[in-house]
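First comes the structure, then the notes that go with it.
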Ligand SMILES: Cc1cc2nc3c(=O)[nH]c(=O)nc-3n(C[C@H](O)[C@H](O)[C@H](O)COP(=O)(O)OP(=O)(O)OC[C@H]3O[C@@H](n4cnc5c(N)ncnc54)[C@H](O)[C@@H]3O)c2cc1C
Ligand code: SF4
Ligand code: FES
């Protein structure tokens with residue numbers, strides 16, 4: 001299988017980037033998309049060129065480190081899939097595949113396809129936790145959580161922090177990401193004590209980081225690898241309003 | 001002499017006795033002490049957050065862009081605890097016994113007991129942190145079984161247990177960052193350890209964005225850098241997982257224990273091509289309901305669903321009737337290898353076996369199976385394109401976990417004073433084979449409960465000493481060595497890629513030092529690896545420079561360490577002339593092909609000391625006062 005990769009190259013944060021094209025032969029349909037890029041990098045080394053920088057770690061869709069724009073879509077052509085789970089069987093022989101980094105002002109480019117997503121960590125830092133010290137926990141079954149509630153919390157908690165929701169959003173909003181964490185913790189009895197503080201501080205941090213506001217286009221939930229529903233954003237907004245007025 | 005510092009008293013009282021006698025440091029003094037934690041997985045994040053809560057100043061490092069991505073995130077199946085919620089006869093004692101036996105009696109009684117003892121409070125801890133564990137309708141926690149045990153003691157959060165535990169640990173870490181007690185250094189990779197007058201005093205790291213080398217000094221250094229199974233290249237680990245931190249520590253004097261004890265997991269997705277970079281794990285929990293089989297006829301090319309019941313060989317149920325599909329990993333992997341090697345393998349490359357849910361779906365209904373494993377079936381479909389509700393999965397053994405690691409005593413300190421190793425990167429509780437769902441447990445217990453209670457004993461002394469600074473000439477010397485090492489790599493400018501050499505190493509290790517080993521093969525492997533090392537340093541090409549983000553250089557640095565580690569692993573496997581747990585030496589087996597352990601000669605932990613280009617063996621004798629080692633039978 002042969003494809004043409006059109007890839008964004010940018011030396012560092014300060015420099016200007018541009019697309020470069022690479023014709024790559026010898027691929028197979030079984031290869032993952034990232035394995036195809038690995039293959040391209042080996043070819044680049046063999047002609048003494050600098051390799052393309054792109055991110056990954058687990059390569060099984062759970063760590064959230066991978067993520068690029070492929071032919072205009074976050075994580076490539078399929079809904080609810082990470083870049084590392086994409087396989088070359090999703091492309092045709094001879095295709096041109098355009099690969100770009102996440103584009104959002106809160107995610108500055110570091111090099112080529114690698115961006116800085118520490119803004120997401122900063123949001124978590126402002127309350128994406130339960131303030132209880134190691135060693136202070138009551139017996140686990142003393143806190144009852146019904147199955148439906150536990151399942152709902154788990155649905156939200158599943159977020160892998162990849163940032164595709166931001167990258168795909170025309171407003172570069174991080175609402176889906178932020179809502180997922182708030183709803184996970186605020187819906188559980190353990191998270192109730194700090195519920196108001198959490199929603200106010202995390203949403204405020206989200207704005208401070210330079211993410212845009214949500215206008216409910218629904219683009220995020222389509223790309224979200226974990227299928228986190230946009231209803232989470234509505235729920236977060238309701239919680240926020242309630243916290244603002246009722247404390 | 002290796003002193004494992006096992007406390008006095010009966011097994012049940014050892015940890016309590018230890019805590020009673022351990023030194024304390026008052027809060028005002030804790031503030032003056034700095035601790036470096038390398039790693040942000042369950043072990044590292046748990047330790048860093050808890051040490052910070054106790055008042056120490058903590059710096060935490062990881063190579064990923066965020067602490068939340070440590071490979072603990074990928075654990076699917078669950079975490080064990082002796083809660084006996086299912087009223088099925090579980091207890092701390094039984095869990096201790098299962099773990100010791102599962103490890104084929106190659107671990108310390110006292111450590112294993114402590115692991116079981118602290119498991120219940122750990123579940124309390126995670127529930128309090130908001131981990132959405134699976135629940136019954138009435139609100140209590142659910143359990144399931146894992147391999148090698150006959151009770152249900154595994155807690156889980158859908159098929160994403162590791163992710164949920166790690167996110168809890170990560171959030172606690174960021175809570176302490178906000179409190180300014182933890183400083184985070186993501187995208188920083190440890191390249192060497194600084195030892196001053198015999199004590200660990202700091203590290204040299206590379207900033208992966210700028211390429212700059214940086215020095216950090218501390219009163220104690222904690223390594224929590226995870227497993228090294230990427231030495232096989234193809235494994236269930238993340239691509240960046242490495243052995244560099246523990247290898248560098250080893251070269252600076254820390255003994256490396258049981259390096260060849262590595263676990264091959266029976267249920268991963270089979271390799272389909274040479275270009276493959278990773279083998280995806282299908283959780284062991286699937287073996288609760290899935291049945292493993294191959295066709296009775298060699299080379300049977302019929303579609304799985306058309307092969308009648310009578311022509312299927314459920315070989316685990318046949319060979320191990322009492323544990324069946326839940327036989328421990330080493331045994332299940334070897335049994336798969338035996339069938340595949342004998343020509344009964346299925347799939348395109350004939351390197352797989354079937355994992356079939358047909359009976360489970362008939363028995364419990366589609367909905368129940370979907371609820372239990374839905375996301376695993378989805379993942380299977382994404383990768384293979386096949387719907388496993390309608391036809392059996394194809395699975396195959398893959399390198400997965402390292403029981404071996406830096407030798408540590410009961411306090412989790414290595415043989416370098418002030419250097420601790422926690423989580424998967426140490427050798428502590430799993431012996432020669434780890435039981436499923438015991439590793440998230442061990443990493444968490446080490447980080448949250450053990451280290452924060454043991455590190456004081458050392459730091460109480462550090463308080464009285466001079467605090468190290470990075471101005472010390474030893475920092476200069478070590479940093480220069482790192483620089484030279486990097487320059488040497490960049491200046492080879494040969495004509496082969498780093499991955500080329502990693503594939504070569506992986507092939508040798510998989511062939512000779514994985515599921516079954518023999519003296520001849522291991523000797524050959526050692527010679528071959530030496531050849532690869534030589535070729536690597538003469539023919540590798542690392543393009544780009546060192547003062548920039550350079551992913552090729554990162555890979556090369558990791559591989560250089562894996563190559564040397566491969567030598568030690570083969571040396572260790574060669575030395576141990578017995579079969580135990582995951583270490584199966586073909587020369588030592590029963591007529592039925594089961595492992596033949598030799599307690600008279602090999603009831604010790606091998607701890608290797610680095611000695612220039614060779615390794616010296618030290619032995620920590622294992623004594624069993626509470627359990628009589630028996631032949632490990634799952635029949
Ligand atoms: C696919 C898979 C599934 C698993 N499922 C289960 C399960 O169901 N139940 C169970 O009990 N166990 C399971 N395990 C095992 C378990 O997940 C691990 O043993 C455990 O999570 C290890 O935790 P850790 O904290 O020691 O290391 P990790 O979580 O691997 O963390 C290592 C940390 O060290 C950092 N690091 C590494 N090298 C360097 C360096 N040179 N410089 C700086 N930082 C460095 C990394 O950035 C990372 O933060 C599974 C393992 C795998 C691979
Ligand atoms: S909400 Fe979905 S898309 Fe956004 S970071 Fe989380 S997993 Fe990624
Ligand atoms: S590499 Fe981990 S999610 Fe893609």
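The values are calculated or read from the model by the stated rules, or taken from the named source; none is laboratory data. A quick note: this is a predicted structure, and the numbers were derived from the prediction, not measured. We place every Cβ from the backbone using ideal geometry, glycine too, and count neighbours over all the protein chains shown.
Return a yes/no flag: does region A:176-190 have any residue that is within 16 Å of ligand 1 (Cβ to nearest atom) and either in the same structural domain as residue A:56 (by TED's automatic domain parsing) or closer than 18 Å to residue A:64 by Cβ (or both). No, the conditions are met nowhere in region A:176-190. For region A:88-125, filtered to residues that are over 23 Å from residue A:158 (Cα atoms) and free of Cβ contacts under 8 Å to residues at least 60 places away in the same chain, the residue that is nearest to ligand 3 (Cβ to nearest atom) is A:90.
Please name all residue pairs, on different chains or six or more residues apart, with Cβ atoms under 8 Å, provided the first residue is in region A:207-221 and is in contact (Cβ under 8 Å) with a residue 40 or more places away in the chain and the second residue is in a loop (DSSP other than H, G, I, E, B) and away from ligand 2 (no atom under 16 Å from the Cβ). Going by the 8 Å Cβ cut-off, the qualifying pairs are A:210/A:105. When each of A:182, A:143, A:160 is tested for being within 8 Å of chain B (Cβ to nearest Cβ) and more than 26 Å from residue B:120 (Cα to Cα), the lone residue that passes is A:160. Across region A:8-20, not a single residue is classified as more than 7 Å from chain B (Cβ to nearest Cβ), in contact with a helix residue (DSSP H, G or I) (Cβ under 7 Å, 6 or more places away or on another chain) and surrounded by 15 or more Cβ atoms within 10 Å (Cβ to Cβ).
The residue of region B:262-297 that is surrounded by the fewest Cβ atoms within 10 Å (Cβ to Cβ), among those that are in contact with a strand residue (DSSP E or B) (Cβ under 6 Å, 6 or more places away or on another chain) and part of a loop (DSSP other than H, G, I, E, B), is B:296.
So that you can scan it fast, the table gives a plain yes or no per residue for (1) in contact with a strand residue (DSSP E or B) (Cβ under 7 Å, 6 or more places away or on another chain); (2) free of Cβ contacts under 8 Å to residues at least 24 places away in the same chain; (3) surrounded by fewer than 21 Cβ atoms within 10 Å (Cβ to Cβ); (4) not in a loop (DSSP other than H, G, I, E, B):
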{"position": "B:562", "(1), (2), (3), (4)": "no, no, no, yes"}
{"position": "B:592", "(1), (2), (3), (4)": "no, yes, yes, no"}
{"position": "B:609", "(1), (2), (3), (4)": "yes, no, yes, yes"}
{"position": "B:631", "(1), (2), (3), (4)": "no, no, yes, no"}
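Within the span defined as region B:245-260, every residue fails to be modelled with pLDDT of 95 or more, within 15 Å of the chain's Cα centre (by Cα) and within 28 Å of residue B:375 (Cα to Cα).
Selection of helices (runs of 4 or more DSSP H) fully inside region B:308-374 by the criterion of at least 3 residues being within 30 Å of residue A:227 (Cα to Cα) returns B:358-364.
Taken together, A:149, A:144 contain a single residue that is surrounded by fewer than 24 Cβ atoms within 10 Å (Cβ to Cβ) and part of a loop (DSSP other than H, G, I, E, B), which is A:144. Only a single criterion out of (1) crowded, with 23+ Cβ neighbours inside 10 Å; (2) under 24 Å from residue B:557 (Cα atoms); (3) within 25 Å of the chain's Cα centre (by Cα) is not satisfied by residue B:201, namely (3).
Per-residue answers, yes or no, for (1) buried (at least 23 other Cβ atoms within 10 Å of the Cβ); (2) closer than 30 Å to residue B:483 by Cβ; (3) away from ligand 1 (no atom under 15 Å from the Cβ); (4) touching a residue at least 40 places away in the same chain (Cβ under 8 Å):
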{"position": "B:134", "(1), (2), (3), (4)": "no, no, no, no"}
{"position": "B:144", "(1), (2), (3), (4)": "no, no, no, yes"}
{"position": "B:147", "(1), (2), (3), (4)": "yes, no, no, yes"}
{"position": "B:168", "(1), (2), (3), (4)": "yes, no, no, yes"}
{"position": "B:183", "(1), (2), (3), (4)": "no, yes, no, yes"}
{"position": "B:187", "(1), (2), (3), (4)": "no, yes, no, yes"}
{"position": "B:190", "(1), (2), (3), (4)": "yes, yes, no, yes"}
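Among the residues making up region B:38-61, those that are within 22 Å of the chain's Cα centre (by Cα), at negative phi and not in a helix (DSSP H, G or I) are B:38, B:40, B:41, B:60, B:61. If you go through region B:310-317 one residue at a time, do you hit one that is touching a strand residue (DSSP E or B) at 6+ places or on another chain (Cβ under 6 Å), within 14 Å of chain A (Cβ to nearest Cβ) and under 30 Å from residue B:158 (Cα atoms)? No, that holds for no residue. Checking each residue in region B:564-590 for being farther than 23 Å from residue B:228 by Cβ and either outside any loop (DSSP other than H, G, I, E, B) or touching a residue at least 60 places away in the same chain (Cβ under 8 Å) (or both) picks out B:586, B:587, B:589.
Determine whether region B:41-51 contains at least one residue that is within 14 Å of another protein chain (Cβ to nearest Cβ), within 30 Å of residue B:265 (Cβ to Cβ), within 16 Å of ligand 3 (Cβ to nearest atom) and modelled with pLDDT of 95 or more. Yes. If only residues of region A:45-75 that are assigned to a loop (DSSP other than H, G, I, E, B) and surrounded by fewer than 20 Cβ atoms within 10 Å (Cβ to Cβ) are counted, the one that is farthest from the other protein chains (Cβ to nearest Cβ) is A:72.
Taking the listed residues B:141, B:115, B:100, B:167, the one that is within 27 Å of residue A:62 (Cα to Cα) and within 21 Å of the chain's Cα centre (by Cα) is B:167, with no other qualifying.
Taken together, the criteria exclude residue B:239 from residues that are more than 16 Å from ligand 3 (Cβ to nearest atom) and either surrounded by 24 or more Cβ atoms within 10 Å (Cβ to Cβ) or within 17 Å of the chain's Cα centre (by Cα) (or both). With respect to (1) touching a residue at least 40 places away in the same chain (Cβ under 8 Å); (2) within 30 Å of residue A:29 (Cβ to Cβ); (3) surrounded by fewer than 20 Cβ atoms within 10 Å (Cβ to Cβ), the lone exception for residue A:42 is condition (1). Can you say whether residue A:142 is away from ligand 1 (no atom under 16 Å from the Cβ) and touching a residue at least 12 places away in the same chain (Cβ under 8 Å), as far as the supplied structure shows? Against the criterion (away from ligand 1 (no atom under 16 Å from the Cβ) and touching a residue at least 12 places away in the same chain (Cβ under 8 Å)), residue A:142 does not qualify.
Kindly indicate whether any position in region A:79-89 is within 16 Å of ligand 1 (Cβ to nearest atom), at pLDDT 95 or above and more than 19 Å from residue B:381 (Cα to Cα). No, every residue in region A:79-89 fails to be within 16 Å of ligand 1 (Cβ to nearest atom), at pLDDT 95 or above and more than 19 Å from residue B:381 (Cα to Cα).
Applying the criterion of being within 11 Å of ligand 2 (Cβ to nearest atom) and not in a loop (DSSP other than H, G, I, E, B) to the residues of region A:171-182, the residue that is farthest from residue B:175 (Cα to Cα) is A:173.
Checking each residue in region A:223-236 for being within 14 Å of ligand 2 (Cβ to nearest atom) and farther than 18 Å from residue A:161 by Cβ picks out A:231, A:235. Annotation: of all residues in region B:298-319 being in contact with a helix residue (DSSP H, G or I) (Cβ under 7 Å, 6 or more places away or on another chain) and in contact (Cβ under 8 Å) with a residue 40 or more places away in the chain, the one that is surrounded by the most Cβ atoms within 10 Å (Cβ to Cβ) is B:319.
Against the condition in the same structural domain as residue A:221 (by TED's automatic domain parsing) and away from ligand 1 (no atom under 16 Å from the Cβ), how does residue A:76 come out, does it pass? The answer is no for residue A:76.
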